[in-house]
Amino acid sequence: QVQLVETGGGVVQTGDSLRLSCAASGRTVSAYAMAWFRQAPGNEREFVAVINWSGSVTYYADSVKGRFTISRDNAKNTVYLQLSSLKPEDTAVYYCAAAITTLLSTRESRYSYWGQGTQVTVSS
C-alpha cells in the first residue's frame, strides 16, 4: 500500500506562485509514474501533469503548460508541482496520484493510489 499526502495549498492572488508537495509512504514510488489532477467546484476531476519514474519525461495539460512544473525527488519519495502565474481558474483541490506502472497516462483509471487533496484558491 502507498499513502500519499499533499501539502502546500493555500489562498493566493492572481499571478502568484505556490509549490505543492506530495509525500509518499508505505512503499517507495520511485518506479512509478506520478501525476497531479485537480477538481474545481462543480467540475469533474481533470488531469494536470504527469512525470515518469526518473523525472526525465513530463507531460502537461494545455491549460497549465508553461506555467506549472512537475518534478520529483525519489530519494525523498516526494513529487512536487510548482504553480506559477496563477489564475482564478486554477482554483481547485489538487490531488496527487501514483500509478503502479512506468507508463504515463492522463486517465484517472490508470492510477491506483490517491492523496486526500490540497486546496488552492486564487483570488482576482
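How much accessible area per residue does the chain have, in Å², with a 1.4 Å probe?
50
Can you tally the net charge around residue 47? Count Lys and Arg as +1, Asp and Glu as -1, for every other residue whose Cβ sits under 13 Å from the Cβ of residue 47.
+1
Given a Förster distance of 22 angstrom, what is the FRET efficiency for residue 123 paired with residue 84, based on the Cβ-Cβ distance and rounded to 0.05?
Calculated value: 0.85.
With a 1.4 Å probe and all protein chains kept in place, how do 114, 36 rank by accessible area, largest first?
My answer, sorted largest first, is 114, 36.
Let's test the formula: R0 of 30 Å, r as the Cβ-Cβ distance of residue 23 and residue 45. What FRET efficiency results, to the nearest 0.05?
E(calc), rounded to 0.05, equals 0.90.
Please calculate the 1.4 Å probe accessible area of residue 118, with all protein chains present, and give it to the nearest 10 Å².
That residue has around 20 Å² of solvent-accessible surface.
Expressed in nm to one decimal, what extension gain is obtained for the pair residue 3 and residue 52 from 0.36 nm per residue of sequence separation less their Cα-Cα distance?
The residue 3-residue 52 span can extend by a further 15.8 nm.
How would 76, 65 line up by accessible area, probe 1.4 Å, largest first? If you can, show how the numbers build up before the last one.
Values: 76 130, 65 110 Å².
The residues order as 76, 65, largest area first.
How much accessible area does residue 111 have with a 1.4 Å probe, in Å² rounded to the nearest 10?
In the full protein context, residue 111 sits at about 10 Å².
Tell me, how many Å apart are the Cα centres for segment 72-99 and for segment 50-68?
10
Largest first, what is the accessible-area ranking of 62, 90 with a 1.4 Å probe?
Accessible-area ranking of 62, 90, largest first: 62, 90.
If I compute solvent accessible area with a 1.4 Å probe over the protein chains, what percent of it on the chain is carbon and sulfur?
The value for the chain is 47 percent carbon and sulfur by accessible area.
Rounded to two decimals, what is Rg over Rh for the chain when you use alpha-carbon atoms and the Kirkwood radius?
0.94
With θ set to phi - 60°, apply the Karplus curve 6.51 cos²θ - 1.76 cosθ + 1.60 along segment 19-34 and write out the HN-Hα couplings as whole Hz, x wherever there is a Gly or Pro.
Once θ is set to phi - 60°, the couplings for segment 19-34 become 10, 8, 10, 9, 9, 9, 9, x, 6, 5, 10, 5, 9, 9, 6, 10 Hz.
Go ahead and collect, in residue order, the members of segment 57-81 whose backbone nitrogen is under 19 Å from a label point 7 Å along the Cα-Cβ direction of residue 101.
The answer is 57-61, whose backbone nitrogens lie closer than 19 Å to the label point.
The values are calculated or read from the model by the stated rules, or taken from the named source; none is laboratory data. Because the structure is a prediction, the values reported are computed rather than measured. With ideal geometry, Cβ positions are generated from the backbone for all residues, glycine too; neighbour counts draw on all protein chains shown. Ligands, DNA and RNA are stripped out before the accessible areas are found, and what is left, the full protein with its side chains, is counted by its heavy atoms. Shrake-Rupley method; radii C 1.70, N 1.55, O 1.52, S 1.80 Å.
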